[in-house]
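This report refers to the structure that appears directly beneath it.
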Amino acid sequence: MEKREELYAGKAKSVYKTDDPDRVIMVFRNDTSAFDGKRIEQLDRKGMVNNKFNAFIMGKLQAAGIPTHFEKLLSDNEVLVKKMDMIPVECVVRNLAAGSLVRRLGVQEGLELNPPTFELFLKNDALGDPMVNESHVQSFGWATTEQLARMKELTFKINAVLKELFASGNMLLVDFKVEFGLFKGEVILGDEFSPDGCRLWDKDTREKLDKDRFRQNLGNVVESYEIVGNRLGLTF
Ligand code: UDP
């Protein structure tokens with residue numbers, strides 16, 4: 001597998017072409033961003049930790065029947081994935097209220113959401129990733145009705161699988177964001193799943209173990225990501 005020119009650089013990852021038109025290499029950098037990229041810092045070891053964490057989670061999801069773009073780990077910071085046409089919409093599921101939901105609706109952080117909520121956000125940094133609804137997704141052609149239904153089904157299935165996985169490490173999966181794309185016409189999971197894109201609390205103390213440590217200046221950001229991995233049996 002030959003690594004070729006950079007295709008795209010996001011806030012925390014870069015994507016490179018390969019000699020296979022159906023495969024690209026994702027590189028996890030140490031950059032950590034918050035508030036729509038207005039704050040960016042380098043956190044030692046974060047690229048490696050998130051790359052390995054993501055590979056572990058993608059493996060679990062794949063084993064549970066969720067199609068993903070993951071192919072194989074190439075190095076500490078690099079992973080080989082299927083080249084997809086990304087659907088420019090983020091899917092968010094919440095089991096407990098936190099973050100923007102608390103700000104938007106004025107509810108108490110930690111409020112249990114039963115059934116879990118499903119929200120959609122347009123991927124558009126200039127607009128600050130605005131919340132959109134299912135009608136917008138279809139009318140603007142970001143995804144078809146069938147693709148949207150599949151994204152929603154897969155997002156809830158991911159929630160069921162990962163809620164149980166994190167519970168086995170005495171953690172609560174508060175909320176998470178996933179992104180999908182199309183590979184040869186099929187909707188598959190793309191991007192990454194790491195503590196950068198979800199909220200995880202210790203079940204007993206409700207200590208935050210995710211990117212809120214960075215957003216809220218709580219310290220020990222990467223250390224906490226490693227603790228999450230360790231509790232699932234991962235070593236870095
Ligand atoms: N999230 C993300 N990328 C984004 C926005 C949100 O990964 O661009 C994740 C975030 O880490 C959390 C969930 O999606 O796990 C819900 O985020 P929320 O809407 O509460 O927004 P935030 O508080 O992060 O602004």
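The values are calculated or read from the model by the stated rules, or taken from the named source; none is laboratory data. What you see is a predicted model; the values in this text were computed from it and never measured. Every residue, glycine as well, gets a Cβ built from its backbone with ideal geometry; the counts of neighbours run over all protein chains shown.
Values computed for the structure shown
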quantity	calculated
Output for the range 110-119, where each listed residue is surrounded by 15 or more Cβ atoms within 10 Å (Cβ to Cβ) and within 11 Å of the ligand (Cβ to nearest atom)	119
Those residues of the range 39-71 which are in contact with a strand residue (DSSP E or B) (Cβ under 9 Å, 6 or more places away or on another chain), closer than 19 Å to residue 235 by Cβ and among the basic types (Lys, Arg), in sequence order	46, 52
For residue 188: the one exception among (1) in contact with an Asp or Glu (Cβ under 9 Å, 6 or more places away or on another chain); (2) in a strand (DSSP E or B); (3) within 23 Å of residue 123 (Cα to Cα)	(1)
Every residue from the range 193-236 that is basic (Lys, Arg) and within 12 Å of the ligand (Cβ to nearest atom)	199, 208, 211, 213, 215
Conditions (1) modelled with pLDDT under 95; (2) more than 16 Å from the ligand (Cβ to nearest atom); (3) not small (Gly, Ala, Ser): number failed by residue 15	(1)
Residue, nearest to residue 67 (Cα to Cα), within the range 157-180, restricted to residues that are within 16 Å of the ligand (Cβ to nearest atom) and of a type outside the set (A, V, I, L, M, F, W, C)	179
Residue count for the range 11-29, restricted to those that are part of a loop (DSSP other than H, G, I, E, B), within 19 Å of residue 182 (Cα to Cα) and free of Cβ contacts under 8 Å to residues at least 24 places away in the same chain	1
Enumeration of residues in the range 72-97 that are within 16 Å of the ligand (Cβ to nearest atom) and within 16 Å of the chain's Cα centre (by Cα)	86, 87, 88, 89, 90, 91, 92, 93, 94, 95
Scope the range 30-40; condition within 16 Å of the ligand (Cβ to nearest atom) and within 25 Å of residue 231 (Cβ to Cβ); matching residues	32, 34
Extreme residue, surrounded by the most Cβ atoms within 10 Å (Cβ to Cβ), among residues of the range 148-207 that are in contact with a His (Cβ under 9 Å, 6 or more places away or on another chain) and not β-branched (Val, Ile, Thr)	189
